[in-house]
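Asker: My questions will all concern the structure given below.
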Amino acid sequence: MKPTEETLRRIEAAFEREPRINLHAYPFQMEIDDGILTLEGVTESVAAKKLALELAAAEPGVAGIVDRLRVEPAEAMEDEDIRNHVCDAFIQEPAFADYAIRAFSFGAWETVRSAPREPTGVMEVEVADGIVTLNGTVGSLSHKRLAGVLAWWVPGSRDVVNGLEVSPPEEDNDDEVIDAVRLVLEKDPFVNASQIRVSCRDCVVTLEGVVPKPKEKEMAEADAWYVFGVDRVMNRLEVRE
């Protein structure tokens, strides 16, 4: 067996061992060339996508990854509708009240909202084939992460490429991730964030506490997975109806 074939076999075996990756229902196409692995296909969740990328990157024969994995959308939506929903979410979010918002529509950039006073930053939204790309400048890592989650919350989103720059630059760390996860949980109207404790170590988020329904436990975990920079989520929430 060739080295590349052996590497692909080990990666596939790692995927098979991970219960959140269902290769039978959601098969991947994998190619490796000069140590660069290309992963292409559809996953059933953001968790499956991130876990696949993490497991693949851990293989010794993989020097880099071309990520073409997309998440199965909760609802089929046209790109224009996705773009409008993302922009509306940004407009309605108080944290972005002083941000200018632009969108790429029908081959040209248009101003969705001019900042009411001197802008704190600018957020640019582009959607192609269900993939939301965010560019521009925001004031903090928490703003960058919140914008990404709001884009993920749009039912038709298949992927979110978060290219927002933070100005002035901030050093990322586990505390920043914790702050962002807490913020997102507080923004989610279907989750009681006051009953959830969040911790993080080396980009692995742990959720602890009590929730009244299994669905809320699932939603809290999904929110944590949506946060930019989170590699894994340990869901230790207890359900007490």
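The values are calculated or read from the model by the stated rules, or taken from the named source; none is laboratory data. Quick caveat: nothing in here was measured; it's all calculated off a predicted structure. Neighbour counts are summed over all protein chains in view; Cβ atoms, including those assigned to glycine, are modelled from backbone coordinates with ideal geometry. Please note that ligands, DNA and RNA were not included when accessible areas were found on the heavy atoms of the full protein model with its side chains. Shrake-Rupley method; radii C 1.70, N 1.55, O 1.52, S 1.80 Å.
Asker: Restricting attention to the stretch 1-47, and to residues there that are more than 23 Å from residue 219 (Cα to Cα) and acidic (Asp, Glu), which single residue is surrounded by the fewest Cβ atoms within 10 Å (Cβ to Cβ)?
Answerer: The residue in question is 34.
Asker: Let me ask something else. When only residues in the stretch 1-30 that are in a strand (DSSP E or B) and either at pLDDT below 95 or among the hydrophobic types (A, V, I, L, M, F, W, C) (or both) count, which is farthest from residue 48 (Cα to Cα)?
Answerer: Residue satisfying both the conditions and the ranking: 30.
Asker: Another question, then. Is there a residue in the stretch 120-138 that is under 25 Å from residue 231 (Cβ atoms) and among the charged types (D, E, K, R)?
Answerer: Checked the stretch 120-138: no residue is under 25 Å from residue 231 (Cβ atoms) and among the charged types (D, E, K, R).
Asker: Could you list, in sequence order, all residues of the stretch 85-94 that are over 12 Å from residue 116 (Cβ atoms) and part of a helix (DSSP H, G or I)?
Answerer: Of the residues in the stretch 85-94, the ones over 12 Å from residue 116 (Cβ atoms) are 85-90, 92-94.
85, 86, 87, 88, 89, 90, 92, 94 - these are the residues of the stretch 85-94 that are over 12 Å from residue 116 (Cβ atoms) and part of a helix (DSSP H, G or I).
Asker: If you don't mind, another one. Answer with yes or no whether residue 113 is modelled with pLDDT of 95 or more and basic (Lys, Arg).
Answerer: So residue 113 does not fit the description; no.
Asker: For the condition of a type in the set (S, T, N, Q), modelled with pLDDT of 95 or more and in contact with a Gly (Cβ under 9 Å, 6 or more places away or on another chain), what is the one hit in 167, 199, 157?
Answerer: Going through 167, 199, 157 in turn, just one is of a type in the set (S, T, N, Q), modelled with pLDDT of 95 or more and in contact with a Gly (Cβ under 9 Å, 6 or more places away or on another chain): 157.
Asker: Any residue in the stretch 65-72 that is open to solvent by 20 Å² or more (accessible area, probe 1.4 Å), assigned to a loop (DSSP other than H, G, I, E, B) and either closer than 17 Å to residue 122 by Cα or touching a residue at least 60 places away in the same chain (Cβ under 8 Å) (or both)?
Answerer: Yes, because at least one residue in the stretch 65-72 is open to solvent by 20 Å² or more (accessible area, probe 1.4 Å), assigned to a loop (DSSP other than H, G, I, E, B) and either closer than 17 Å to residue 122 by Cα or touching a residue at least 60 places away in the same chain (Cβ under 8 Å) (or both).
Asker: So how many residues does the stretch 48-60 have that are open to solvent by less than 30 Å² (accessible area, probe 1.4 Å) and of a type outside the set (D, E, K, R)?
Answerer: Residues flagged as open to solvent by less than 30 Å² (accessible area, probe 1.4 Å) and of a type outside the set (D, E, K, R) within the stretch 48-60 amount to 4.
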